[in-house]
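The values are calculated or read from the model by the stated rules, or taken from the named source; none is laboratory data. Because the structure is predicted, anything quoted here is derived from the model rather than measured. Note that each Cβ is placed from the backbone with ideal geometry, even for glycine, and that neighbours are counted across all protein chains shown.
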Amino acid sequence: MRPGAPSRLRRHGLVLAALLVAYLAVCAVVTNSYYQLMLTLVPIWAVLGLSWNVFSGYTGLISFGHAAFFGLGAYTVALLLTMLNLTPWIGIPLAALLGALAALLIGLPTFRLRGHYFALAMLAYPLLMTYLVQYLGYHEVSMPMRREAPAAFLQFSDPRIYTLLAVALLVVAMVISMVVENSRFGLSLMAIRQNELAAEAAGINARRWKTRALMLSGAMAGTAGGFYACVLLVVTPEAVFGMLVSAQALVVALFGGVGSYWGPLIGAAILIPLSETLHAELGEIIPGIQGVVYGAAIILIMLLAPEGLYWSIRDRQGRRAATLAPGSIPVAEAAPVPDMRVPAMPAEHTAAPRPGRTLLEVRGLSKSFGGLKAVDDVSFSVPEGSILGIIGPNGAGKTTMFNVLNGVLPADRGEALLDGEQMVGRKLHQINHMGVGRTFQVVRSFPRLPLLDNVLVGAYGAGLPDEEAVMAAREAIARTGLSRLTDVPAGGLTSKELRLMELARALAGRPRLLLLDETLAGLGRDECDAVLDVLGGLRAEGMTTIIIEHTMHAMLRLADELLVIDRGRVLAQGQPRGVVENRSVIEAYLGRKWMAQTQCST
């Protein structure tokens, strides 16, 4: 579980219990059959919204096709009862199982797509299932009446029992959502949603977690569809596979707030009674008024609260609390960030690399984009415990080489051996599991997550058990001097703090090799010195590091050896002082014209 999850779950559980008791009290006094049905539909659509949120809300992949799982569940229960006289108490679990299986089969090809292509592909599946059930002749499936055993076949004369069962189903769905959101599972999904590349670089297998999320989502939607069939008693393709079904799942979550289990509950509690009441009162005058309600809800929420009611209210309360608190100041400025006070290293570090076996061996690494050779036959080695600095003009291919080394891009040819084990050809998360941590030229954070969770992603990605992962994350935060900021969202951190946070995330996985891509970019002199102090501390611990940097004084202070890249090729390699005085290196950085002027002046 994530830090603070037990107390958060207890607190939210009590709130949920109070809300459901009040809801059941209202249901007990309603006698109108139509409104009693409406009160039953609210928790059913909330469950469908929760199933959509478990996948789309946490991963960021929009699904327009959740009706596929919902309808499959409804037809499973209806056909099993009609053909085999099988009780829904067995049919509904089977519907959940088939929903999960369908999600697995759907996810295998569809996860190859991105963005709106994924959303449109998901839209095709309920249409496909509609045509399939119609082709098989199941235009309308009427469930046989079994009034002699109402409990066994879920056919009650008192509609309030359906409401009670729907609320029980909602409780199960909410508990599942709460556990997911407060676990390694949910944190991994939220990291994928906010920055998939950073999540993969931290060791998270995005494809696997997204598949698991879709399977759980499909199971929840199939369960809701199976129970919905018991409520309606008549199942038609339009009622369970129709566009309105997928729209309801999406809209209740968007309206209430995606990425939180409260969102679908809020959305269903507001939109379902509103749409059903208007349908009862104005349905004959304005056919399809339910669709009008959902369309208007989407427009309003996009204009007034783009992230949904839950997040809008929570953010407003947070700002109000910060304003009203006496003497309050932003958390990030409440106290100075403690520095790792290691002794400052000399401005020019010229010591030879520490003796040690070779940890990384790169041979003939190449990567081209069309006719452009971004990395051209690059070879070098890094002894264990040393720091290799990579310099070169902008566009020389330094970051591309990093991207090839840690699996962001595939190599055209060449090899990279980490302690004798091949890195080339492996996926990004697999290279992380080999013991390679990475930071990026442009900081890749998870803005809505607090700093601790940002760093915890790196520990989870490395596969550490929960308690050990939290310990590793806190240790990494302490090593980078950010212990006072653990609860601050990443979106509220300064540039220096973001750089250190990303370094902490890489350290939380306990890597053997660090790849640091312009860690000092965008920082002032004092900020650079603070970050260099942290890097100096890592150097003293013997961390093997490759660092790309343009700030020469930092390279002279840190690096045991320099590698110069120009136009994708190795231009020079050796001791820092010798490299920076190399005429070819000076020419690559400052140009031949500058060299000629210098020669004339001398």
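Before moving on, here are some points about what is shown:
- Selection within the stretch 469-487 - surrounded by fewer than 20 Cβ atoms within 10 Å (Cβ to Cβ) and either outside any helix (DSSP H, G or I) or not assigned by TED's automatic domain parsing to the domain that holds ALA521 (or both): THR486, ASP487
- Elements of the type helices (runs of 4 or more DSSP H) sitting completely within the stretch 360-467 and holding at least 2 residues that are among the aliphatic types (A, V, I, L, M) and either without any contact (Cβ under 8 Å) to a residue 40 or more places away in the chain or farther than 25 Å from SER584 by Cβ (or both): these cover 428-433, 451-461.
- Which listed residue is crowded, with 16+ Cβ neighbours inside 10 Å, of a type outside the set (Val, Ile, Thr) and either modelled with pLDDT of 85 or more or farther than 19 Å from CYS528 by Cβ (or both), from PRO355, PRO393: PRO393
- Any chance LEU123 is in the same structural domain as THR40 (by TED's automatic domain parsing), closer than 20 Å to LEU244 by Cα and within 28 Å of the chain's Cα centre (by Cα): yes
- Residues that are among the basic types (Lys, Arg) and buried (at least 20 other Cβ atoms within 10 Å of the Cβ), drawn from the stretch 497-538: ARG499, ARG505
- Within the stretch 95-117, not a single residue is at pLDDT below 95, touching a Cys at 6+ places or on another chain (Cβ under 6 Å) and in the same structural domain as VAL42 (by TED's automatic domain parsing).
- Hits in the stretch 93-118 - residues which are surrounded by 24 or more Cβ atoms within 10 Å (Cβ to Cβ) and more than 20 Å from the chain's Cα centre (by Cα): ALA95, GLY99
- Condition check for TYR310 on (1) without any contact (Cβ under 8 Å) to a residue 60 or more places away in the chain; (2) touching a Ser or Thr at 6+ places or on another chain (Cβ under 9 Å); (3) farther than 18 Å from GLY60 by Cβ; (4) not β-branched (Val, Ile, Thr): one failure, at (3).
- Positions within the stretch 154-198 being in a loop (DSSP other than H, G, I, E, B) and touching a residue at least 12 places away in the same chain (Cβ under 8 Å), in sequence order: LEU154, GLN155, ASN182, SER183, ASN195
- Exactly one residue out of LEU244, LEU216, LEU282 is under 31 Å from the mean Cα position of the chain (by Cα) and either more than 27 Å from ALA95 (Cα to Cα) or in contact (Cβ under 8 Å) with a residue 60 or more places away in the chain (or both): that is LEU216.
- Every condition in (1) part of a helix (DSSP H, G or I); (2) in contact (Cβ under 8 Å) with a residue 12 or more places away in the chain holds for LEU14 except the one numbered (2).
- Within the stretch 24-54, being among the aromatic types (Phe, Trp, Tyr) and at pLDDT 95 or above holds for TRP45, TRP52.
- ALA74 vs. criteria hydrophobic (A, V, I, L, M, F, W, C), touching a Phe, Trp or Tyr at 6+ places or on another chain (Cβ under 8 Å) and either in the same structural domain as GLU140 (by TED's automatic domain parsing) or loosely packed, with under 14 Cβ neighbours inside 10 Å (or both): yes
- Residues in the stretch 217-276 that are of a type in the set (Ser, Thr, Tyr) and within 15 Å of LEU170 (Cβ to Cβ): THR223, TYR228, TYR261.
- Each residue in the stretch 291-332 was checked for being surrounded by 10 or more Cβ atoms within 10 Å (Cβ to Cβ), among the polar types (S, T, N, Q) and either at pLDDT below 80 or touching a helix residue (DSSP H, G or I) at 6+ places or on another chain (Cβ under 6 Å) (or both), and 2 pass.
- Candidate set from the stretch 9-68 (those that are within 27 Å of the chain's Cα centre (by Cα) and polar (S, T, N, Q)); member that is farthest from ARG160 (Cα to Cα): THR59
Condition check ((1) touching a residue at least 40 places away in the same chain (Cβ under 8 Å); (2) more than 16 Å from VAL436 (Cβ to Cβ); (3) among the basic types (Lys, Arg)) across all residues:
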| residue | (1), (2), (3) |
| --- | --- |
| ARG512 | yes, no, yes |
| CYS528 | no, yes, no |
| LEU538 | yes, no, no |
| ILE547 | yes, no, no |
| HIS553 | yes, yes, no |
| VAL564 | yes, yes, no |
